[in-house]
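Chemist: To start, I am sharing the structure in question, which I have written as structure tokens.
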Amino acid sequence: MRVDIWSDIVCPWCYLGRRRFEKALAGFEHRDQIEVVHHSFQLDPSHPAGQTELTVDMLSRKYGMSVDEAAAMEARMEETAAGEGLEYHMAGLRIGNTADAHRLVHLAKDRGLQDAMVEALFKAHFTEQRSVFTHESLVAIAVEVGLPADEARAVLASDTYAADVSDDAATASRLGASGVPFFVIDMRYGVSGAQPTELFTQALTEAWQSADLTRN
């Protein structure tokens with residue numbers, strides 16, 4: 001059975017949802033028969049490449065709140081993440097265009113390292129506050145998960161996998177996903193948002209039982 005996951009590297013709820021799903025999968029009886037495929041989704045594809053801004057400023061502008069209120073929102077996000085064993089450092093965090101990071105995720109998929117690349121990018125951004133926007137930093141992260149530096153640089157210097165990123169976004173739109181994280185289990189069960197682990201467990205169980213009935 002396959003699980004498709006749409007997420008953005010700079011989405012704090014996506015990293016949280018990923019961890020909750022992983023906990024559900026770890027306790028799922030048929031976990032060894034589950035294939036997980038990651039898909040690209042950009043929260044703000046219009047963000048100028050090569051430019052970043054403080055996340056707190058973006059939140060303030062997007063939600064019409066003060067910078068202090070946005071900072072308080074970030075602090076609450078850190079607490080929520082800590083409850084799932086994740087270490088977030090939101091103060092001073094910057095946001096930018098994630099197209100290049102997503103293109104490297106597609107490269108990693110072709111090399112059998114997609115899940116490791118997604119985890120490394122999330123950790124780099126939210127835990128280590130390393131840039132996931134510059135080519136230099138992205139190549140370093142790619143090398144850490146086992147991708148050749150020259151191959152990562154070649155992808156970033158071209159438009160390789162750009163069409164795959166766009167196709168992922170188009171598929172998400174057809175499926176009715178207006179935000180992320182978005183999970184599709186066995187192409188039949190959709191789970192939107194960073195739901196509790198128990199809900200993911202229930203969805204996996206129901207999807208497996210339904211697929212089992214179909215097979216029989």
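Chemist: Being free of Cβ contacts under 8 Å to residues at least 12 places away in the same chain and within 14 Å of Asp100 (Cβ to Cβ) is the filter here, so list the residues in the range 135-154 that pass it.
Modeler: First, the residues of the range 135-154 that are free of Cβ contacts under 8 Å to residues at least 12 places away in the same chain: 136, 140, 143, 148-150, 154.
Within the range 135-154, Glu136, Ala140, Ala154 meet the criteria.
Chemist: If you don't mind, another one. Please tell me if Glu53 is buried (at least 18 other Cβ atoms within 10 Å of the Cβ) and over 23 Å from Ala172 (Cβ atoms). Give the steps one after another, and end with the answer.
Modeler: Details: buried (at least 18 other Cβ atoms within 10 Å of the Cβ): no; over 23 Å from Ala172 (Cβ atoms): yes.
No; evaluated as a whole, the condition is false for this residue.
Chemist: Now a separate question. Identify, please: which residue in the range 8-35 is small (Gly, Ala, Ser) and open to solvent by 10 Å² or more (accessible area, probe 1.4 Å) and is, among those, nearest to Val118 (Cα to Cα)?
Modeler: First pass over the range 8-35, keeping only residues small (Gly, Ala, Ser): 17, 24, 26-27.
Now narrow it down to the ones that are open to solvent by 10 Å² or more (accessible area, probe 1.4 Å): 26-27.
On the way: Ala26: 18, Gly27: 21 Å.
Residue satisfying both the conditions and the ranking: Ala26.
Chemist: Select from the range 90-111 the residues that are part of a loop (DSSP other than H, G, I, E, B), within 17 Å of the chain's Cα centre (by Cα) and surrounded by fewer than 23 Cβ atoms within 10 Å (Cβ to Cβ) and list them in ascending order. Can you show your working first?
Modeler: Going through the range 90-111, the residues part of a loop (DSSP other than H, G, I, E, B) turn out to be 90-93, 97-98, 111.
Remaining after also requiring within 17 Å of the chain's Cα centre (by Cα): 90, 93, 97-98.
Within the range 90-111, Met90, Leu93, Asn97 meet the criteria.
Chemist: Name the residues in the range 139-168 that are crowded, with 17+ Cβ neighbours inside 10 Å and in contact with a Ser or Thr (Cβ under 8 Å, 6 or more places away or on another chain), would you?
Modeler: Asp164, Val165, Asp168
Chemist: State whether one or more residues within the range 183-196 are modelled with pLDDT of 95 or more, among the aromatic types (Phe, Trp, Tyr) and in contact with a helix residue (DSSP H, G or I) (Cβ under 9 Å, 6 or more places away or on another chain).
Modeler: Scanning the range 183-196 turns up at least one residue that is modelled with pLDDT of 95 or more, among the aromatic types (Phe, Trp, Tyr) and in contact with a helix residue (DSSP H, G or I) (Cβ under 9 Å, 6 or more places away or on another chain).
Chemist: Kindly indicate which of Ala163, Ala152, Ala170 is modelled with pLDDT of 95 or more, farther than 18 Å from Pro45 by Cα, over 13 Å from the mean Cα position of the chain (by Cα) and not aromatic (Phe, Trp, Tyr). So that I can check it myself, show each step before the final result.
Modeler: Details: Ala163 fails: farther than 18 Å from Pro45 by Cα; Ala170 fails: farther than 18 Å from Pro45 by Cα.
Only one candidate qualifies: Ala152.
Chemist: Here's another thing I want to ask about it. Pick from the range 169-185 the residues that are part of a loop (DSSP other than H, G, I, E, B) and open to solvent by less than 40 Å² (accessible area, probe 1.4 Å): which of them is farthest from Tyr15 (Cα to Cα)?
Modeler: As a first pass, look at the range 169-185 and keep what is part of a loop (DSSP other than H, G, I, E, B): 175-181.
Now drop any that are not open to solvent by less than 40 Å² (accessible area, probe 1.4 Å), which leaves 177, 179-181.
Numbers: Ala177: 17, Gly179: 14, Val180: 10, Pro181: 8 Å.
Only one residue fits best here, namely Ala177.
The values are calculated or read from the model by the stated rules, or taken from the named source; none is laboratory data. From a predicted model like this one, the values you see are computed outputs, not experimental measurements. Neighbour counts are summed over all protein chains in view; Cβ atoms, including those assigned to glycine, are modelled from backbone coordinates with ideal geometry. All accessible areas refer to the heavy atoms of the entire protein, side chains included, with ligands and DNA or RNA removed. Shrake-Rupley method; radii C 1.70, N 1.55, O 1.52, S 1.80 Å.
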